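Chemist: Let me begin by handing over the structure; questions about it come next.
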Amino acid sequence: MHAAPRLILVSAIALFHEMLVIRWLAGECRVYGYYANLPLIVAVFGIGAGCMLARRSVRLMPLFAPLLLLFVFLATTTYFREISLTAWTGEQLRPEDLGGHTLDAVRFYASFLFLLLLSGATFVPLGQELGRAFAPCRPLVGYSWNLVGSLLGIWGFVLASLVQTSSVPWFAVVVLGAVLLDRGWTRALTLACAIAALFVVWRADGTETWSPYYRIQVNDYLLRDDSGRERKVGTYLRVNHDYYQRMLDLRTPFASEFPVLREALAYYDRPYRHVRPRSVLVVGAGTGNDVAAALRNGAERVDAVEIDPLILDLGRRLHPEQPYSDTRVTVHVDDARSFLKETREKYDLIVFGLLDSHTLVSGLGRLRIDNYVYTLESLREARGHLTEGGAVYVAFTLYAEWIFGRFYGMFREVFGEDFVTGSEAYDSAGLYAGGRGVREWVRQDPSVWKTIELAEDQIPELPTDDWPFLYKEDRTFPREYAVMLGLLLAVLAFSARGVSAKGAGWDGQMAALGAAFLLIEVRGLAALALLFGSTWIVNAIVITMILAMALVGNGLASVWKAPPVRLLYVLLWGAVLLNFAVPMSAFLGWGKLERCLAGGALVALPLCFSGILFSVAFRDTRDAEGALGSNLLGAVAGGMSEYASMMTGIRALALLALFYYFLGFLVHQRRGAT
């Protein structure tokens with residue numbers, strides 16, 4: 001295979017495999033959803049380590065398929081599935097909840113890190129092939145082909161995840177690429193292990209399906225009626241091996257025959273006991289229970305917003321009340337926050353339907369796809385879409401007292417005195433309603449609704465668009481994350497030292513540029529998710545824009561023989577500071593095109609300057625493999641630094657990126673002086 005096609009192929013397979021592992025591992029072993037960017041970090045590290053080993057005589061590509069087989073086999077075992085479900089509280093896993101014994105905590109961390117590092121090991125052979133594919137090419141030409149291949153890999157996975165409801169074709173793409181990249185007699189071993197890996201994945205999938213966001217399992221939901229007879233009452237959905245929701249038949253008189261359904265009917269019909277809305281908006285509509293409740297209670301127009309098209313399709317096909325077949329319902333496949341920004345409609349009632357992403361994370365960062373739904377700014381947007389006398393109704397499962405205090409504080413901040421709180425036995429839900437007239441609900445049903453006063457120390461910090469961490473009680477860095485990141489960093493540092501001793505040289509400037517680049521990328525994904533929603537398509541477009549900026553920088557470096565590097569660094573620092581100074585919320589009131597241009601330009605500006613600096617340094621290097629490997633290993637530091645946003649907020653990540661860029665400048669200056 002010629003140099004350019006091989007470089008494009010290995011780049012595409014590496015990015016496709018990276019997206020696959022991030023997506024598949026969290027669905028197969030739920031615990032990784034709480035540390036969602038760690039698979040990204042070890043993937044980048046694996047590719048970087050492989051690049052550093054490009055000059056070694058031992059070929060690592062024959063190890064890819066056996067490592068992949070071992071990885072998928074272990075990830076699909078009951079042991080790893082159960083350890084991912086042992087105990088959890090929001091986003092913070094606690095070793096003491098695993099049994100209170102040191103041995104249990106050691107077992108948890110060791111098992112977690114072993115499977116995580118095994119996933120990263122599958123990228124080392126691909127990284128070595130990437131480094132070797134660069135050897136025959138001039139650095140900037142090779143980098144251009146690398147970027148083209150990366151774009152193909154990203155969009156290939158996005159399209160595959162949208163079209164295919166099984167993970168088997170995803171793995172088939174990766175193993176086919178591995179067979180093409182291997183050569184000689186080891187290709188037969190690669191093919192055999194590839195077939196075995198596909199079989200393991202096929203067995204693990206079983207009858208379950210994969211949507212663009214979840215691994216979904218569908219079962220009949222059986223309950224005993226008042227006479228003790230077991231009957232089917234609906235359908236039970238599990239996502240990522242955890243309970244998600246039930247599609248229930250709550251029509252009377254059927255629901256009145258089952259104690260659990262009577263409880264569920266009381267919950268879903270709760271707001272309609274106080275208001276008779278003509279227009280209803282349901283965000284997080286899911287399979288349709290909240291939509292069915294609106295229809296049962298006489299709504300004339302219902303807008304149903306759900307981000308996952310497959311879950312909507314399941315609701316259309318399987319919900320016993322068939323709410324999505326009603327002509328009064330308009331379905332919107334969109335991110336809830338995105339819809340609230342785009343619509344001009346007003347509603348008598350806005351329902352947040354037990355909206356919870358079940359640890360799913362948007363794109364490549366740590367933000368869950370529901371983080372921006374539960375912020376002060378989001379609640380204010382919802383209030384702005386109410387008619388005179390309309391109400392916002394939120395139900396949320398209470399697993400900690402401070403969660404109740406947080407929602408209480410948010411409603412008090414947005415609605416002043418015009419809000420009430422309550423509780424339901426169904427799903428242990430806390431209830432919150434805001435709007436003019438809702439205080440009358442207390443008089444109408446005092447057994448459910450209350451007007452209470454919480455002390456200030458009972459109300460934790462309220463989530464905002466800059467600090468949208470609903471599931472964190474405060475801005476402290478969780479001990480559990482500190483332990484996990486510390487252990488991982490120690491292992492990766494030890495591995496990096498061994499790799500650099502045996503392979504290509506280390507480039508400090510390229511490492512600093514890599515750390516800053518990944519931080520800017522992740523921050524850009526989070527910022528633009530606020531403007532356009534946390535969908536896979538939006539994330540793919542943002543990553544495409546980022547890679548396009550790298551291509552622009554590469555093109556400029558190829559024709560700009562002696563660029564003013566110091567000036568470029570100054571312009572880069574200015575662009576990063578501009579990103580810090582101008583919040584994305586400043587563009588929320590603009591039209592969609594204007595938001596796209598302004599938000600995209602703001603994120604792209606520092607990437608354009610850093611792209612030129614990277615390409616200039618890469619052009620002038622005598623060690624392309626070492627430079628590329630150093631850049632990728634530096635990106636590991638950037639990925640870990642992203643966790644600082646839990647303390648500082650998202651905007652402040654720009655200042656951390658600025659620090660890394662300044663380190664890169666210092667290394668460049670020192671190199672010039674010597």
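Chemist: With the crude spin-label approximation of a point 7 Å out along Cα→Cβ, what separation in nm comes out for residue 556 versus residue 455?
Modeler: The two pseudo-label positions are separated by 5.7 nm.
Chemist: Nearest-5 percent of antiparallel DSSP beta bridges in the chain?
Modeler: Numbers: 33 of 52 bridges.
Given both bridge residues lie in the chain, the antiparallel proportion sits at roughly 65 percent.
Chemist: Give the angle, between 0 and 90 degrees and rounded to the nearest 10, that separates the Cα long axis of helix 3-28 from the longest principal axis of the Cα atoms of the chain.
Modeler: So the inclination is approximately 30 degrees.
Chemist: Can I ask one more? Please list 249, 308 from largest to smallest accessible area, probe radius 1.4 Å, with all protein chains kept in place. Mind dumping the intermediate values first?
Modeler: Working: 249 20, 308 0 Å².
The ordering from most to least exposed comes out as 249, 308.
Chemist: May I pose another question? Using a 1.4 Å probe and counting only protein heavy atoms, arrange 636, 275 so the residue with the most accessible area comes first. Please report the intermediate quantities before stating the final value.
Modeler: On the way: 636 10, 275 30 Å².
Reading off the accessible areas and sorting them downward yields 275, 636.
Chemist: Hey, what angle do you get for helix 508-532 against the long axis of the chain, alpha-carbon based, 0 to 90 degrees rounded to 10?
Modeler: The answer is roughly 20 degrees.
Chemist: Can you give me the % of accessible surface on the chain that is carbon or sulfur? Probe 1.4 Å, all protein chains present, nothing else counted.
Modeler: About 61 percent, which is the carbon plus sulfur part of the accessible surface.
Chemist: Additional query: Hey, what did the range 571-660 get for relative contact order, percent, Cα under 8 Å, at least 6 apart? Present the calculation step by step, with values, prior to reporting the outcome.
Modeler: Numbers: 43 pairs, mean separation 39.6, N = 90.
In percent, rounded to a whole number, it is 44.
Chemist: How many Å² of accessible area per residue for the range 151-253, probe 1.4 Å?
Modeler: About 47 Å² of surface per residue is accessible.
Chemist: Here's a follow-up. Net charge near residue 516: determine it from the other residues with C-beta under 15 Å of the C-beta of residue 516, scoring Lys and Arg +1 and Asp and Glu -1. Please report the intermediate quantities before stating the final value.
Modeler: Details: positive: 523; negative: 507, 521, 642.
Once all neighbours under 15 Å are counted, the net charge is -2.
Chemist: Give me the 1.4 Å probe accessible area per residue for the range 588-674, excluding ligands and nucleic acids, in Å².
Modeler: On the way: 3470 Å² over 87 residues.
Computed with neighbouring chains in place, this is 40 Å² per residue.
Chemist: Over the chain, calculate the relative contact order: mean separation of alpha carbon pairs under 8 Å at least 6 apart, over the residue count, as a percent. Intermediate results must be reported in sequence, preceding the final value.
Modeler: Working: 1182 pairs, mean separation 106.8, N = 674.
Relative contact order comes out at 16 percent.
Chemist: Convert 25 °C to kelvin, take the viscosity as 0.890 mPa s, use the Kirkwood radius over C-alpha pairs of the range 203-282 as Rh, and evaluate the Stokes-Einstein diffusion coefficient in µm²/s, rounded to a whole number.
Modeler: Details: Rh = 14.8 Å.
Answer, rounded: 166 µm²/s.
Chemist: Cα to Cα, under 14 Å, and not fewer than 8 places away if on the same chain: which aspartates and glutamates meet these conditions relative to residue 592?
Modeler: Partners within reach: 342.
Chemist: Net charge near residue 603: determine it from the other residues with C-beta under 13 Å of the C-beta of residue 603, scoring Lys and Arg +1 and Asp and Glu -1. Walk me through the intermediate numbers first.
Modeler: On the way: positive: 523, 595, 651; negative: 521.
Neighbour charge sum, excluding residue 603 itself: +2.
Chemist: Looking at the range 404-496, I'd like the Rg to Rh ratio, where Rg is from alpha-carbon atoms and Rh is Kirkwood's inverse mean 1/r.
Modeler: Working: Rg = 19.4 Å, Rh = 16.0 Å.
On the Cα set of the range 404-496, Rg over Rh gives 1.21.
Chemist: Hey, if we sort 477, 45, 123 by accessible area with the 1.4 Å probe, largest down, what's the order? Present the calculation step by step, with values, prior to reporting the outcome.
Modeler: Details: 477 65, 45 25, 123 0 Å².
From most exposed to least exposed: 477, 45, 123.
Chemist: Enter the accessible area of residue 213 (Å², nearest 10), with the probe set to 1.4 Å and all protein chains included.
Modeler: Result for residue 213: roughly 10 Å² accessible.
Chemist: Follow-up question, since we're still on this one. Using only Cα atoms, find the angle between the long axis of helix 536-559 and the longest principal axis of the chain, and express it within 0 to 90 degrees, rounded to the nearest 10.
Modeler: In the chain, helix 536-559 runs at an angle near 20 degrees to the longest axis.
Chemist: May I pose another question? Report, to two decimal places, the Cα Rg of the chain normalised by 2.2 N^0.38 Å (N = number of residues).
Modeler: Numbers: Rg = 26.1 Å, N = 674, 2.2 N^0.38 = 26.1 Å.
Relative to the 2.2 N^0.38 Å estimate, the chain comes out at 1.00.
Chemist: Which number comes out as Rg/Rh for the range 576-674 once both Rg and the Kirkwood Rh are worked out on C-alpha atoms?
Modeler: Dividing the radius of gyration by the Kirkwood radius yields 1.04.
Chemist: Normalised by the residues of the range 393-496, what does the relative contact order come to in percent, with Cα pairs under 8 Å and at least six apart?
Modeler: On the way: 112 pairs, mean separation 26.8, N = 104.
Once normalised by length, the contact order is 26 percent.
The values are calculated or read from the model by the stated rules, or taken from the named source; none is laboratory data. Values in this document were obtained by computation on a predicted structure and should not be read as measured data. Using ideal geometry, Cβ is built from the backbone for each residue, glycine included, and neighbour counts are taken over all protein chains shown. Side chains included, ligands, DNA and RNA excluded: accessible areas come from the protein's heavy atoms. Shrake-Rupley method; radii C 1.70, N 1.55, O 1.52, S 1.80 Å.
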